[in-house]
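Worksheet: one structure, shown below.
The values are calculated or read from the model by the stated rules, or taken from the named source; none is laboratory data. Remember, it's a predicted structure, so these values are computed and weren't measured experimentally. Cβ: placed from backbone, ideal geometry, glycine included. Neighbour counts: every protein chain shown.
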Amino acid sequence: MKKYSNMYFKKIVSVVLITLFSFSAFAQGTGSKHDKIENLKIAFLTKKLNLSNKTAQDFWPIYNEFDHSKQRLFRKYKQQYREQNLSMQDVEHRMEREKEFLQLRKKYINRFAKVLTPVQLTDLKRSERQFKKLLLKRVQRRK
């Protein structure tokens with residue numbers, strides 16, 4: 001019984017420390033906005049996925065690589081869809097983009113599955129959406 005309470009205590013302490021570090025970095029105004037957002041994202045996802053220290057050490061390098069790959073794909077297609085008058089070819093290009101995102105996700109799902117439980121894997125996408133909603137609310141409040 002003591003073993004479980006000790007593990008539980010360590011998990012709580014690590015989440016609290018990550019959260020405090022992230023929020024203090026955000027509040028201090030040091031670093032770029034991107035760094036602040038990344039710190040908040042790390043704290044948010046770590047808490048939502050209930051990552052242990054060991055799992056977090058294995059998870060974050062994979063996730064960061066995945067996130068950078070998503071960003072590269074997004075930037076690749078971003079400029080193409082700013083026009084109002086889209087053609088059928090543009091619609092087909094969007095479908096290709098969606099296929100590429102899906103292929104990327106499938107590639108990384110296999111890597112994530114080596115470090116996350118099926119429940120954590122399922123919660124990952126939902127937690128990412130929740131984080132985006134949280135950011136949008138913060139931005140809207142500032143306007």
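May I ask you to verify whether ASP67 is over 17 Å from the mean Cα position of the chain (by Cα) and either surrounded by 11 or more Cβ atoms within 10 Å (Cβ to Cβ) or farther than 22 Å from LYS33 by Cβ (or both)?
no
Could you give me the residue pairs with C-beta distances under 6 Å whose first residue belongs to the range 85-114 and is farther than 22 Å from TRP60 by Cβ, whose second residue is surrounded by 10 or more Cβ atoms within 10 Å (Cβ to Cβ) wherever it lies, and which are 6+ apart or on separate chains?
Between residues of the range 85-114 that are farther than 22 Å from TRP60 by Cβ and residues that are surrounded by 10 or more Cβ atoms within 10 Å (Cβ to Cβ), the close pairs are ARG97/TYR77; GLU100/LEU73.
Just to verify a result, which residue in the range 108-118, among those that are assigned to a helix (DSSP H, G or I) and over 16 Å from the mean Cα position of the chain (by Cα), is nearest to PHE66 (Cα to Cα)?
ASN110
Listed residues ASN110, ASN85; which is modelled with pLDDT under 90 and of a type outside the set (Asp, Glu)?
ASN85
Could you list, in sequence order, the residues of the range 115-143 that are touching a residue at least 24 places away in the same chain (Cβ under 8 Å) and among the aliphatic types (A, V, I, L, M)?
Those that are touching a residue at least 24 places away in the same chain (Cβ under 8 Å) and among the aliphatic types (A, V, I, L, M): VAL115, LEU116, LEU124, LEU134, LEU135.
For the range 33-54, give me each residue that is of a type in the set (S, T, N, Q) and surrounded by fewer than 17 Cβ atoms within 10 Å (Cβ to Cβ).
ASN50, SER52, ASN53
Name every residue in the range 30-67 that is of a type in the set (Ser, Thr, Tyr) and free of Cβ contacts under 8 Å to residues at least 24 places away in the same chain, in order of residue number.
THR30, SER32
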